[in-house]
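Heads up: the structure comes next, in structure tokens.
The values are calculated or read from the model by the stated rules, or taken from the named source; none is laboratory data. Since we're looking at a predicted model, the values are computed, not measured. Don't worry about glycine lacking a Cβ; one is built from the backbone with ideal geometry, like all the others, and counts go over all protein chains shown. In case anyone asks, the SASA skips ligands and DNA or RNA and just uses the protein heavy atoms, side chains included. Shrake-Rupley method; radii C 1.70, N 1.55, O 1.52, S 1.80 Å.
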Amino acid sequence: MKKKPRHHQQLKQHRQNQYNNNGFTSLSFTKPSPTPLLIEKQSIHRTQLEALDSVITDLETSAQKGISLTEPEIFASLLETCYSLRAIDHGVRVHHLIPPYLLRNNLGISSKLVRLYASCGYAEVAHEVFDRMSKRDSSPFAWNSLISGYAELGQYEDAMALYFQMAEDGVKPDRFTFPRVLKACGGIGSVQIGEAIHRDLVKEGFGYDVYVLNALVVMYAKCGDIVKARNVFDMIPHKDYVSWNSMLTGYLHHGLLHEALDIFRLMVQNGIEPDKVAISSVLARVLSFKHGRQLHGWVIRRGMEWELSVANALIVLYSKRGQLGQACFIFDQMLERDTVSWNAIISAHSKNSNGLKYFEQMHRANAKPDGITFVSVLSLCANTGMVEDGERLFSLMSKEYGIDPKMEHYACMVNLYGRAGMMEEAYSMIVQEMGLEAGPTVWGALLYACYLHGNTDIGEVAAQRLFELEPDNEHNFELLIRIYSKAKRAEDVERVRQMMVDRGLET
């Protein structure tokens with residue numbers, strides 16, 4: 001199953017020779033510099049990376065002097081170190097020191113090299129090494145590494161193809177094969193293939209392996225069969241943290257909050273402490289304010305209130321329930337903040353001009369805003385009628401922060417101008433300033449502004465575009481009816497009502 005590696009040319013573009021005088025391939029990567037280290041004056045300690053660099057440099061010097069390097073243990077140890085440090089540049093240097101015959105015939109060395117390339121994102125280069133292995137059918141190790149590499153890159157079809165090739169070549173899978181294949185299957189979203197792999201793993205004797213079953217839960221959940229995911233979860237004899245969290249995540253992914261909360265409670269009852277990721281995920285989706293407050297109390301008792309992701313989720317929880325004071329209190333007490341924190345508190349002030357104060361604080365704190373930040377501040381400006389501030393921020397977004405406006409930013413600007421009654425400016429933003437085709441959110445903002453200010457001419461243009469983009473959206477027809485009603489154009493009102501009847505939107 002020979003594949004032309006996608007990164008083949010990039011990796012070889014600096015190659016000067018196919019082989020040097022000692023028969024070793026030349027380097028494909030630039031020579032790395034040692035990692036800088038802060039040290040005390042009286043004691044100098046080399047980092048692991050510096051020590052690795054020194055050893056490889058010595059071996060390269062020996063090779064250049066014609067000293068033959070044939071000890072497989074040396075290469076195996078170096079590749080293991082490169083893997084643990086994710087030192088791909090150093091790994092390439094080791095690769096070029098390994099004699100070709102040793103790489104072909106020594107399964108351990110070639111397998112470690114495949115794992116190194118695959119784990120560092122060079123799955124197709126790893127496949128080149130894999131294709132040259134003469135004994136690859138005797139162990140699943142290299143196959144697992146390559147399957148994992150493709151799955152991590154999102155190349156799920158390649159990962160699945162390797163699994164089926166593995167079966168054709170008679171290579172027996174192990175407990176590490178199936179979780180990797182199941183991840184790829186979940187990425188594809190095929191429950192039929194997932195069920196086939198499920199049968200395979202049972203046949204191979206891994207039907208009660210918690211490591212494999214956890215991956216099976218995730219696969220079924222991602223493929224849309226949450227019932228099968230729960231059935232597998234219930235089969236796990238000794239559930240670990242991953243088991244519980246996989247089921248919890250699966251329920252949350254499907255919007256089954258009640259079931260997710262039940263799993264959360266069962267986790268605690270079984271002595272499994274949910275981590276900050278699980279807690280913040282539940283807080284972000286909890287519908288009942290009562291449940292949210294209970295969860296807040298739970299995290300306080302466990303000293304997790306100031307975990308970054310948890311605090312961010314609490315800000316969102318309280319701001320959505322109108323508890324702005326509590327949201328601000330949590331934000332002000334945070335020991336560290338990220339962009340999500342700033343976005344959450346700015347969004348909490350979507351109808352309050354104080355949100356701009358937080359944006360200014362964000363700027364002074366040298367925190368970098370993103371596209372979501374500007375959606376929040378522009379929406380805030382639209383809701384509070386701060387046109388000049390909105391214009392300034394819209395310009396600042398691209399000029400100072402290099403963020404190109406997206407559809408949602410243009411929709412905010414149209415909303416800003418529209419709410420302020422600046423209909424010509426709003427329409428001009430769409431037809432003259434946008435560098436992309438306006439979508440429903442943009443035209444919808446314009447149509448709503450036309451309804452607010454009774455602008456029939458522009459409203460008709462916006463409505464027509466929306467009828468084309470969203471032919472089944474009743475709201476657009478209803479807004480145009482209200483615009484005509486305000487203008488006392490009864491015939492046009494009836495005409496639009498008939499359009500709704502013709503499209504099956506009104507009985």
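Points worth noting:
- Condition met for ALA313 (of a type in the set (A, V, I, L, M, F, W, C), farther than 15 Å from MET334 by Cβ and part of a helix (DSSP H, G or I)): no
- Test: ASN366 is surrounded by fewer than 22 Cβ atoms within 10 Å (Cβ to Cβ), at positive phi and not aliphatic (A, V, I, L, M): yes
- Against the list (1) within 21 Å of MET386 (Cα to Cα); (2) open to solvent by 60 Å² or more (accessible area, probe 1.4 Å), the condition ARG302 fails is (1).
- Taking the criterion of being of a type in the set (A, V, I, L, M), more than 32 Å from the chain's Cα centre (by Cα) and within 15 Å of GLU80 (Cβ to Cβ), the residues of the range 101-125 that qualify are LEU107, ILE109.
- Here the condition is being modelled with pLDDT under 95, within 26 Å of the chain's Cα centre (by Cα) and not acidic (Asp, Glu); of ASN354, ASN366, ASN343, it holds for ASN366 alone.
- Sub-6 Å Cβ pairs linking a first residue in the range 84-102 that is in contact (Cβ under 8 Å) with a residue 24 or more places away in the chain to a second residue that is part of a loop (DSSP other than H, G, I, E, B) and among the β-branched types (Val, Ile, Thr), at least 6 apart or interchain, are HIS96/THR25, ordered by first then second residue.
- Hits in the range 269-299 - residues which are surrounded by 13 or more Cβ atoms within 10 Å (Cβ to Cβ), closer than 18 Å to VAL242 by Cβ and of a type outside the set (D, E, K, R): ILE272, PRO274, VAL277, ALA278, ILE279, SER280, SER281, VAL282
- As a summary of the residue check, GLU388 satisfies the conditions (1) surrounded by 15 or more Cβ atoms within 10 Å (Cβ to Cβ); (2) at pLDDT 95 or above except for the one numbered (1).
- Options GLU433, GLU400, GLU437: the member that is at pLDDT below 95, within 22 Å of GLU470 (Cα to Cα) and of a type in the set (D, E, K, R): GLU437
- Tabulated pairs, the range 306-323, first charged (D, E, K, R), second part of a helix (DSSP H, G or I) and surrounded by fewer than 24 Cβ atoms within 10 Å (Cβ to Cβ), C-beta under 6 angstrom, 6+ apart or interchain: GLU307/LYS276; ARG321/PHE289
- Filter result for VAL92 (at pLDDT 90 or above, within 22 Å of MET166 (Cα to Cα) and part of a helix (DSSP H, G or I)): no
- Residue within the range 117-126 that is surrounded by fewer than 24 Cβ atoms within 10 Å (Cβ to Cβ) and either within 20 Å of ASP174 (Cβ to Cβ) or touching a Cys at 6+ places or on another chain (Cβ under 6 Å) (or both) present: yes
- Members of the range 49-71 that are open to solvent by 40 Å² or more (accessible area, probe 1.4 Å) and either more than 40 Å from the chain's Cα centre (by Cα) or not hydroxyl-bearing (Ser, Thr, Tyr) (or both): LEU49, GLU50, VAL55, ASP58, THR61, GLN64, LYS65, GLY66, ILE67, SER68, THR70, GLU71
- Hey, ILE346 surrounded by 22 or more Cβ atoms within 10 Å (Cβ to Cβ), among the β-branched types (Val, Ile, Thr) and in contact with a helix residue (DSSP H, G or I) (Cβ under 8 Å, 6 or more places away or on another chain) or not: yes
- Exactly one residue out of SER84, SER110, SER148 is open to solvent by less than 50 Å² (accessible area, probe 1.4 Å), more than 23 Å from PHE206 (Cβ to Cβ), in a helix (DSSP H, G or I) and of a type in the set (Gly, Ala, Ser), and it is SER110.
- Any chance GLY207 is out of contact with any strand residue (DSSP E or B) (no Cβ under 6 Å at 6 or more places or on another chain), at pLDDT below 95 and more than 21 Å from GLN155 (Cα to Cα): yes
- Residue count for the range 195-218, restricted to those that are surrounded by 22 or more Cβ atoms within 10 Å (Cβ to Cβ) and farther than 15 Å from ARG175 by Cβ: 2
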